[in-house]
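Bear in mind these aren't lab numbers, they're just calculated from the coordinates by the rules spelled out. Note that the structure is a prediction, hence the values are computed from the model and not measured. No Cβ is skipped: glycine too gets one built from the backbone with ideal geometry, and neighbour counts run over all protein chains shown.
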Amino acid sequence: MPRSNHPRRRTSAVRGSSQSRGRGAQGTGQSAGDDDGFDLNRARLGIATTESASDGLWTVRTITAGNAQKSYTCPGCHHPVSPGTAHLVVWQEDALFGVEAGLRDRRHWHTNCWRGRNYKYR
């Protein structure tokens with residue numbers, strides 16, 4: 001029960017204020033542009049996961065259909081990965097010349113080609 005000696009809030013001022021419009025989904029008071037450790041562009045690109053296989057340790061990142069803007073050649077089937085097609089970007093973590101070399105040699109794979117690969121794609 002509210003105390004009667006406290007003034008009531010003005011609802012019109014709170015609704016129209018920029019502070020209430022800038023609140024995030026959790027109501028933290030921080031707007032989407034604040035630097036709170038969450039990078040929206042990185043989240044749109046997908047989260048990189050690490051997979052271990054008989055041919056090494058691989059980092060796999062999912063690219064959504066909306067973010068796929070260029071055409072690539074899949075090393076698994078040698079067919080093009082056309083723009084607007086969801087696919088995977090894969091690079092080797094334990095490359096011979098270091099992580100940077102593995103990242104430079106990253107390849108765009110069809111999701112099914114990566115899942116069904118036979119480790120003889122080179």
With LEU88 itself left out, Lys, Arg at +1 and Asp, Glu at -1 over residues whose Cβ is under 12 Å from its Cβ give +4
Provide the gained length on full extension for the span ALA101 to LEU57, in nm with one decimal, where the gain is 0.36 nm per separating residue minus the Cα-Cα distance. 14.5 nm
